[in-house]
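Colleague: Here's a structure for you.
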């Protein structure tokens, strides 16, 4: 964060108050850094207009890798053991596709979990700057950044929106 900027946290009692403030903040030169919510909020999520999550791509990659891993593992073990198959092909597609399907499910779950952990930037060993314990209970927080000269305007903006304010030092 540049030295000539300041971050101010607006602490709201209602979900709609926070969503309205976020909507009006998007029309100002101030930037929204973070939003804290005690519950999953569709109103705040729609107001933020967040990009689509990339976790699905991790799941897809895990599934594709899993299918080929399962199929190739079954084919490899069948060719390494001298199985008597009675004239049938050693690498039979139908049973190997079943093994590939099971590995698809397994690796897709692994990819999903890894995607969730990486995209959520977990684990976090220290709380984010400005985090207030009330955000886990009944309050909503909006952290916005402005230049040092507009600190009073942003504070007034949050107060007019019905929020408590707190200056956050990163």
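Colleague: Working only within the stretch 111-170, note down all residues that are over 19 Å from residue 40 (Cβ atoms), at pLDDT below 95 and within 18 Å of the chain's Cα centre (by Cα).
Modeller: Correct list: 123, 125, 126, 127.
Colleague: When you scan the stretch 1-26, how many residues do you find that are in contact with a helix residue (DSSP H, G or I) (Cβ under 7 Å, 6 or more places away or on another chain) and surrounded by fewer than 19 Cβ atoms within 10 Å (Cβ to Cβ)?
Modeller: Result for the stretch 1-26: 5.
Colleague: Do we have residue 53 as farther than 27 Å from residue 27 by Cα, loosely packed, with under 15 Cβ neighbours inside 10 Å and in contact (Cβ under 8 Å) with a residue 24 or more places away in the chain here?
Modeller: Values: farther than 27 Å from residue 27 by Cα: no; loosely packed, with under 15 Cβ neighbours inside 10 Å: yes; in contact (Cβ under 8 Å) with a residue 24 or more places away in the chain: yes.
It is false that residue 53 is farther than 27 Å from residue 27 by Cα, loosely packed, with under 15 Cβ neighbours inside 10 Å and in contact (Cβ under 8 Å) with a residue 24 or more places away in the chain.
Colleague: Looking at the stretch 116-170 only, could you name the residues that are in contact (Cβ under 8 Å) with a residue 60 or more places away in the chain and on the phi > 0 side of the Ramachandran plot?
Modeller: 130, 162, listed by residue number.
Colleague: What is the number of the single condition among (1) farther than 30 Å from residue 162 by Cα; (2) in contact with a helix residue (DSSP H, G or I) (Cβ under 6 Å, 6 or more places away or on another chain); (3) outside any helix (DSSP H, G or I) that residue 146 does not meet?
Modeller: Unmet condition: (1).
Colleague: Does any residue of the stretch 97-110 turn out to be surrounded by 11 or more Cβ atoms within 10 Å (Cβ to Cβ) and free of Cβ contacts under 8 Å to residues at least 12 places away in the same chain? Talk me through it step by step, then tell me what you get.
Modeller: To start, the set of residues in the stretch 97-110 that are surrounded by 11 or more Cβ atoms within 10 Å (Cβ to Cβ) comprises 97-110.
Of the ones still in play, those that are also free of Cβ contacts under 8 Å to residues at least 12 places away in the same chain are 98.
Yes, the stretch 97-110 has at least one match.
The values are calculated or read from the model by the stated rules, or taken from the named source; none is laboratory data. Quantities reported herein were computed from a predicted structural model and do not represent experimental measurements. Here the Cβ is made from the backbone with ideal geometry for all residues, glycine too, and neighbour counts use every protein chain on show.
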